[in-house]
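Below is one structure; the comments refer to it alone.
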Amino acid sequence: MYGETSVCGRRRDMEDAVSVRREFLPDHHFFGVFDGHGCSHVATSCGEQMHKIMVEEADSTRSTRSDDAERWMGVMERSFARMDAEAVSSRSRASGAPTCRCELQLPKCDHVGSMAVVAVVGPRHLVVANCGDSRAIIGREGAAIPLSSDHKPDRPDELERIQAAGGRVIFWDGARVFGVLAMSRAIRDSYLKPFVIPHRAEVLVL
């Protein structure tokens with residue numbers, strides 16, 4: 001059994017997406033929350049495509065000898081990277097009349113992206129991967145136990161990574177990459193590559 005709810009909040013449009021795919025793989029269920037910013041199309045694309053990409057990645061490693069934990073970590077990391085690449089290239093291929101409000105801005109859609117937190121529930125493992133500051137928790141004996149760690153620009157390892165890539169973290173209403181984005185990993189956000197990345201998505205296998 002599962003449930004979901006979405007609340008738009010103060011934004012004029014819903015920019016987030018929820019994806020639940022039961023039995024997307026045999027005996028495995030997919031749950032994803034995609035927290036969009038700038039517009040909705042990246043989060044929507046994640047909701048429509050991430051589980052399909054994950055199926056392809058899981059199928060491609062089905063015959064490997066690695067254990068389940070190692071295999072699922074690779075599946076998640078590659079799936080997040082592929083989703084990011086697809087989101088970036090899809091807008092560069094777009095042509096014709098604008099299909100969403102962000103295309104009316106210049107530069108077109110560069111300030112659009114999405115955070116992601118994904119959980120795969122299987123018979124032996126619970127696999128959680130995230131990029132950005134969307135969180136996963138599990139309830140145990142009345143307590144909420146975190147299953148993910150936020151990617152914030154002032155997190156020591158993230159700050160070091162951003163600076164090593166030539167970026168800056170500016171404290172303006174909180175820590176922000178170049179004073180703009182309040183998280184250090186996201187899908188798309190073309191204007192902040194390579195400082196904001198989805199790669200090496202943190203994965204927890206229980």
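For the stretch 159-182, which residues satisfy the criterion of being outside any strand (DSSP E or B) and over 23 Å from A85 (Cβ atoms)? Give the steps one after another, and end with the answer.
Kept after step one, since they are outside any strand (DSSP E or B), are these residues of the stretch 159-182: 159-168, 172-174, 178-180, 182.
Of everything in the stretch 159-182, those that are outside any strand (DSSP E or B) and over 23 Å from A85 (Cβ atoms) turn out to be L159, E160, Q163, R168, W172, D173, G174, G179, A182.
Just the residues that are without any contact (Cβ under 8 Å) to a residue 24 or more places away in the chain, outside any loop (DSSP other than H, G, I, E, B) and either aliphatic (A, V, I, L, M) or closer than 22 Å to Y191 by Cβ (or both), please, taken from the stretch 139-158. Can you show your working first?
From the stretch 139-158, those without any contact (Cβ under 8 Å) to a residue 24 or more places away in the chain are 139-146, 154, 156-157; that's our starting set.
Right, trim to outside any loop (DSSP other than H, G, I, E, B) and you get 139-140, 143-146, 156-157.
Matches in the stretch 139-158: A143, A144, I145.
Return the residue satisfying two criteria in turn: it lies in the stretch 16-74 and is hydroxyl-bearing (S, T, Y) and part of a loop (DSSP other than H, G, I, E, B), and of such residues it is modelled with the highest pLDDT. Spell out how you get there, then give the answer.
Residues of the stretch 16-74 that are hydroxyl-bearing (S, T, Y), as a first pass: 19, 40, 44-45, 60-61, 63-64, 66.
Applying the additional criterion that residues be part of a loop (DSSP other than H, G, I, E, B) yields 40, 61, 63-64, 66.
Values: S40: 88, T61: 85, S63: 73, T64: 69, S66: 63.
Ranking the candidates gives S40 first.
In the set R200, R124, R185, which member is assigned to a loop (DSSP other than H, G, I, E, B), closer than 27 Å to A58 by Cα and modelled with pLDDT of 90 or more?
Numbers: R200 fails: modelled with pLDDT of 90 or more; R124 fails: modelled with pLDDT of 90 or more.
One residue alone meets the criteria, R185.
State which residue is surrounded by the most Cβ atoms within 10 Å (Cβ to Cβ) when the search covers only the stretch 179-192 and only residues that are touching a residue at least 12 places away in the same chain (Cβ under 8 Å) and over 12 Å from the mean Cα position of the chain (by Cα). Steps first, answer last, please.
Quick first cut of the stretch 179-192, residues touching a residue at least 12 places away in the same chain (Cβ under 8 Å) only: 180-192.
Adding the requirement that they be over 12 Å from the mean Cα position of the chain (by Cα) leaves 180-182, 190-192.
Values: V180: 13, L181: 22, A182: 17, S190: 18, Y191: 16, L192: 20.
The residue in question is L181.
For the stretch 21-40, check the following and say yes or no: at least one residue is polar (S, T, N, Q), buried (at least 18 other Cβ atoms within 10 Å of the Cβ) and within 17 Å of R135 (Cβ to Cβ). Quick ask: steps written out before the conclusion?
Narrowing the stretch 21-40 to residues polar (S, T, N, Q): 40.
So of that shortlist, the ones also buried (at least 18 other Cβ atoms within 10 Å of the Cβ) come out as 40.
Next, from what is left, pick out any that are within 17 Å of R135 (Cβ to Cβ): none.
Scanning the stretch 21-40, I find no residue that is polar (S, T, N, Q), buried (at least 18 other Cβ atoms within 10 Å of the Cβ) and within 17 Å of R135 (Cβ to Cβ), so the answer is no.
The values are calculated or read from the model by the stated rules, or taken from the named source; none is laboratory data. Being a predicted model, the structure only gives us computed values, none of them experimental. Note that each Cβ is placed from the backbone with ideal geometry, even for glycine, and that neighbours are counted across all protein chains shown.
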